[in-house]
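This report concerns only the one structure given below.
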Amino acid sequence: MDASFINIAIVVVYLLAMLAFGWWGKSRTKNNSDFLVAGRRLGPFLYTGTMAAVVLGGASTVGGVGLGYKFGISGMWLVVAIGAGVLLLSLLFAGTIQKLKIYTVSQMLTLRYGSTATEASGIVMLAYTLMLCATSTGAYATIFVVLFDWERPIAIAVGGAIVLVYSTVGGMWSITLADQVQFIIKTVGIFFLMLPFTLNAAGGFEGIRSRVDESFFQIDGIGVQTIITYFVVYTLGLLIGQDIWQRVFTAKTPTVARWGGATAGIYCILYGVAGALIGMAASVALAGVDIAVKDDVYAEVAQTLLPVGIGGLVLAAAVAAMMSTASGALIAAATVARADVLPFVASWFGKDINTDDSDNPEHDVKANRNWVLALGIIAIVIAIITKDVVAALTIAYDILVGGLLVAILGGLVWKRGTGIAAAASMAVGSVVTLGTMIILEINAEAPLDGIYANEPIYYGLLASALVYVAVSLLSKPTDPQVMRNWQRRVAGQAAEEAPLPTAAR
């Protein structure tokens with residue numbers, strides 16, 4: 001039987017399984033909490049798998065192998081930075097975040113500062129999660145183009161529709177169940193198939209060392225500045241991303257959130273090392289193959305170096321990585337849009353919109369499904385019509401970190417931080433980040449050089465931190481009643497879950 005046919009059959013079976021998990025998850029989705037945060041009932045195994053799955057997407061899997069192919073062992077730093085972010089979030093903040101019984105990052109800001117001025121953060125978070133979903137949607141389409149010989153728009157539409165169906169039908173329960181399969185497939189595909197087969201094809205470490213430049217074995221071969229940037233952008237971004245926090249909200253207990261997340265973080269670091277080693281070995285084993293783009297290395301290894309059938313599993317692992325990130329970003333975008341952005345925008349027009357319908361759970365779940373469906377369609381359209389979604393994601397990511405990081409982490413660690421300081425730091429940090437990006441782009445020698453530069457996020461963070469500290473010290477302390485309520489939540493004494501908000505408070 002033709003090898004390509006077997007690989008295609010394996011990927012098709014995987015895609016059908018994802019749809020089946022959507023319907024399975026539907027049976028467990030009875031109310032708003034079930035749909036958005038899996039009823040806050042995930043134990044260690046499910047939580048660790050879903051956390052690892054959501055952060056290890058196409059950039060970590062296909063991109064990580066490509067970086068190893070180009071830079072050697074130092075290609076691991078992108079994924080290591082992601083793992084470090086999961087570790088820090090889990091060990092330092094996840095226990096506290098889980099106790100709050102909320103749905104969004106913006107709700108945490110309102111609860112901590114008692115100020116509606118911080119609600120604008122929802123708009124930034126929506127832009128970030130929507131661009132993340134669109135980027136992941138476009139990424140797994142590249143596998144479908146190679147495998148099925150489809151045109152890119154068709155590949156995006158079909159792959160996006162599959163994610164859209166299982167995410168819409170069962171919400172976070174469907175996504176969690178799908179993530180477990182994706183986690184297992186990625187683990188088997190990377191650690192037990194690609195790594196040993198590729199190393200063997202390259203003649204082991206001695207074979208690699210004898211045929212590559214010595215810089216391939218230097219831990220900083222990719223460049224110290226690049227490594228620092230990875231940690232600033234990805235490690236810090238993971239500390240405050242809605243898609244990551246929403247997974248923390250699914251944990252059954254603070255202990256599960258802390259140690260299950262820490263386990264996922266360690267797994268991510270090992271995943272990054274494995275990807276870099278695969279890329280290094282591929283640079284030797286595929287020495288005679290013309291590879292124009294480093295991200296094509298993953299698919300080339302699957303189709304050239306692996307036995308029939310195993311290549312299909314490895315391609316399914318790549319699709320799994322991208323779909324888990326896309327589905328996580330999609331439900332995060334829908335949650336933020338409904339819980340934060342809709343009431344905030346409605347308040348501009350004096351409208352009072354109640355997005356919580358806890359008295360009618362079925363209606364509440366239906367409303368959430370509608371938001372997931374609508375934003376999923378938008379993400380698919382963006383992925384199809386936009387040639388450089390990564391540039392849009394970079395802008396959103398830089399504003400997320402440069403604008404929101406200080407206010408969010410400051411609220412978690414500094415009691416003196418005030419609401420007016422948080423709002424001011426978000427505004428100044430976002431403006432400085434975006435402004436620096438525009439200035440650099442105007443003066444750049446090549447298109448997008450300013451957008452991809454490192455300086456905007458550094459300047460944004462510095463300006464945001466200075467404003468936050470200065471305004472906090474110059475303004476009145478947060479209302480004692482607000483702080484008492486916050487401390488009660490942090491202590492895990494919330495009587496019930498925080499409802500989705502209304503526009504008026």
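In terms of the mean number of neighbouring beta-carbon atoms within 10 Å, the peptides 451-459, 120-128, 77-85 order highest first as 77-85, 120-128, 451-459. Note: region 119-197, Cα convex hull, 125 Å³ per residue. Report note on the peptides 285-297, 412-424: ranked by the mean count of other C-beta atoms within 10 Å, highest first, their order is 412-424, 285-297.
Express the carbon and sulfur contribution to the solvent-accessible surface of the chain as a percent, rounded to the nearest whole number, probe 1.4 angstrom. Reported share for carbon and sulfur atoms: 66 percent. What pairs in Lys99/Lys366; Lys101/Lys351; Lys99/Lys252 have C-alpha atoms more than 18 Å from each other? The pairs that break the limit, which is 18 Å between Cα atoms, are Lys99/Lys366; Lys101/Lys351. Among the helices of the chain, those built from whole DSSP H runs whose Cα atoms reach 24 Å or more along their own axis and whose mean Kyte-Doolittle hydropathy is at least -0.5 are 3-26, 121-148, 152-187, 261-285, 310-336, 361-385, 419-443, 455-474.
Per residue, the chain exposes 38 Å² of solvent-accessible protein surface, assessed with a 1.4 angstrom probe and all protein chains in place. With the biggest extent put first, the Cα atoms of the chain measure 67, 50, 41 Å across the principal axes. You can think of it this way: the chain between Val345 and Ala427 has 27.8 nm of extra reach, that is 0.36 nm per residue less the Cα-Cα gap. Annotation: extensible slack from Ser4 through Val289 equals 100.8 nm (criterion: 0.36 nm per residue apart, minus Cα-Cα distance). Counting 0.36 nm for each residue step from Phe231 to Lys476 and taking away their Cα separation leaves a gain of 84.8 nm.
Per residue, how much space in cubic angstrom lies within the convex hull of the C-alpha atoms of region 44-126?
Expressed per residue, the convex hull around the Cα atoms of region 44-126 is 134 Å³.
Overall dimensions of region 1-144, expressed as equivalent-ellipsoid semi-axes from the Cα gyration tensor (√(5λ), whole Å, largest first), are 32, 23, 16.
With distances taken between every two different alpha-carbon atoms, region 66-216 has a Kirkwood hydrodynamic radius of 19.7 Å.
Annotation for region 41-107 versus region 233-299: alpha-carbon center distance of 7 Å. Ignoring lysines fewer than eight residues from Lys294 along the same chain, the ones with Cα atoms less than 16 angstrom from its Cα are Lys70.
Beyond 21 Å, how much of the Cα-Cα pair distribution for region 368-447 remains, as a whole percent?
In whole percent, the share of Cα-Cα pairs in region 368-447 beyond 21 Å is 51.
Cβ-Cβ distance of Thr304 and Thr255, R₀ of 51 Å, FRET efficiency by 1/(1 + (r/R0)^6): the value works out to about 0.70.
The values are calculated or read from the model by the stated rules, or taken from the named source; none is laboratory data. The shown structure was predicted, so the numbers you read here are calculated from the model rather than taken from an experiment. Glycine gets a Cβ as well: all are built from the backbone with ideal geometry, and neighbour counts include every protein chain shown. Remember, those area values only see protein heavy atoms, side chains included, never the ligands or the DNA or RNA. Shrake-Rupley method; radii C 1.70, N 1.55, O 1.52, S 1.80 Å.
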